[in-house]
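Working notes, structure below.
The values are calculated or read from the model by the stated rules, or taken from the named source; none is laboratory data. Given the structure is predicted, the values throughout are model-derived calculations rather than measurements. Here the Cβ is made from the backbone with ideal geometry for all residues, glycine too, and neighbour counts use every protein chain on show.
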Amino acid sequence: MGKVLVIGAGGVGTVVIHKMASLPEVFGEIMLASRTKSKCDSIAAKVGKDKVRTEQIDADNVPDLVRLIKSFKPDIVVNVALPYQDLNIMDACLETGVSYLDTANYEPLDEAKYEYSWQWAYREKYKKAGITAILGCGFDPGVTSIFTAYAAKHHFDEMHYLDIVDCNAGDHGKPFATNFNPEINIREVTQKGRYWEDGKWIYTKPHEIHKPLNYPNIGPKESYLIYHEELESLVKNFPTLKRARFWMTFGQEYLTHLRVIQNIGMAGIEPVMFDGREIVPIKFLKAVLPDPGELGANYTGWTSIGCRIKGLKNGKEKTYYIYNNCSHQAAYAETGAQAVSYTTGVPAAIGAMMYLKNIWKKPGVFNVEEFDPDPFMEQLNLLGLPWVELHDVDLEL
Ligand code: NDP
């Protein structure tokens, strides 16, 4: 039995707490802390107040984080606040000698750019302190990286081509909404496309490359090549990959809204003066868009996320597709959150479980594909994200 401190009481935090509270044999004591304590309290009330303690915390303040960690004494801190907080929480974990897990890599507030270099720079310090950092343990990054590690371990001698395919075929009934934090989401999908080929990164204009792909039990959906953070660590950890790409589906309505938002300057991250005070356009936009945590009630349809891989096994060419389909309605019925939060929160809870069971525990900073995928894959099947494998099929890519 372990003690866990979860930071962030949004859509993903809601799912993490539901799953952890349902596994008291693993998560003996749970604390949920976030900027707005009332949000922690309402999540705790849903799973049973006696199961979860709550606290207010500003995770941008390292001394406050250190105080909270010292008073609760968790075995691991699960960061499901925003990527801006990653380094502060990693610093506080280092100071208190407590392990760390997150679902998204660090992004500086003033630059729409994310890469692992900032977090990888903690490797030696974490190693020396004898603590573990598990990076990117949501679905993508997270399960997609674990699927890749599982494929490498069980099905390929050499992997050559990897395409991660992420389809949200759900309908929330709103003209425009983002499925997770709008600020982070819009920053991610409006940047340049990028993929790995023959040892270097190839850049594309945003959404320049697209094609319809067939998703199991869903059908064809227009899929757009975008950059996604797990590509950075996967091409390092699986150096036989000649090409690695990431595809995400977007509807025409979504793309039209996004274009308008960008054209009128509402996606801007530089402060502008308004009524005598500075505001950041994208932060204001977040305030008026639907809260992703509230989308669940009317959400229908499925997500389908997986990896399509081509390579060699026993000297012969092999293709392989591994995926999970997740129902928005089933996710909502279980946790009160939609499938995008669910598919992120369940892996985060499993990652913390892997640490507490001493299965994923080694000093240093690691991306999830650097651990044994098998025990994690087993838990996905048990905890609501079952996966399906297809061998020697047409990958369309
Ligand atoms: P939300 O915006 O719904 O929730 C974020 C929570 O963090 C809010 O409760 C917010 O507080 C809290 N928070 C923000 N800043 C601070 C701070 N300084 N101190 C303390 N708490 C803070 O986001 P989501 O739940 O949708 O996403 C959470 C994380 O999951 C994000 O990092 C996102 O990038 C990641 N993610 C990862 C995915 C994956 O597959 N790997 C997919 C989807 C998301 P308040 O309520 O006061 O605003």
Exercise. Which residue, of Q329, Q338, is touching a residue at least 24 places away in the same chain (Cβ under 8 Å) and surrounded by fewer than 22 Cβ atoms within 10 Å (Cβ to Cβ)?
Worked result: Q329
Seminar exercise, completed: Those residues of the range 1-17 which are more than 19 Å from Q379 (Cβ to Cβ) and within 14 Å of the ligand (Cβ to nearest atom) amount to L5, I7, G8, A9, G10, G11, G13, T14
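Results for (1) in contact with an Asp or Glu (Cβ under 7 Å, 6 or more places away or on another chain); (2) near the ligand (Cβ under 8 Å from one of its atoms), shown as yes or no for each residue.
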{"residue": "A81", "(1), (2)": "no, yes"}
{"residue": "Q85", "(1), (2)": "yes, yes"}
{"residue": "E95", "(1), (2)": "no, no"}
{"residue": "A104", "(1), (2)": "no, yes"}
{"residue": "A121", "(1), (2)": "no, no"}
For this session: Report, by residue number, each residue of the range 56-79 that is of a type in the set (G, A, S) and more than 8 Å from the ligand (Cβ to nearest atom).
Result: S71
Seminar exercise, completed: Picking from K361, K310, K316, the residue that is in the same structural domain as H155 (by TED's automatic domain parsing), under 27 Å from H155 (Cα atoms), surrounded by fewer than 22 Cβ atoms within 10 Å (Cβ to Cβ) and in contact with a Ser or Thr (Cβ under 6 Å, 6 or more places away or on another chain) would be K310
Seminar exercise, completed: Filter the range 183-204 for residues that are modelled with pLDDT under 95 and part of a loop (DSSP other than H, G, I, E, B); the one that is surrounded by the most Cβ atoms within 10 Å (Cβ to Cβ) is T190
Problem set entry | Matching residues, the range 312-330, being among the aliphatic types (A, V, I, L, M) and in a strand (DSSP E or B) | L312, I322
Problem set entry | Residue list for the range 33-55, restricted to those being under 18 Å from G336 (Cα atoms) and of a type in the set (A, V, I, L, M, F, W, C) | C40, I43, A44, A45, V47, V52
For this session: Of all residues in the range 18-47, count the ones that are in a helix (DSSP H, G or I), without any contact (Cβ under 8 Å) to a residue 40 or more places away in the chain, within 16 Å of the ligand (Cβ to nearest atom) and within 21 Å of the chain's Cα centre (by Cα).
Result: 3
Problem set entry | G28, sole failed condition from (1) more than 22 Å from L385 (Cα to Cα); (2) surrounded by 18 or more Cβ atoms within 10 Å (Cβ to Cβ) | (2)
Exercise. How many residues are crowded, with 16+ Cβ neighbours inside 10 Å, among the aliphatic types (A, V, I, L, M) and outside any helix (DSSP H, G or I) when one looks only at the range 237-265?
Worked result: 3
Problem set entry | Those residues of the range 10-60 which are of a type in the set (G, A, S) and closer than 17 Å to I76 by Cα, in sequence order | G13, A21, G28, A33, S34, A59
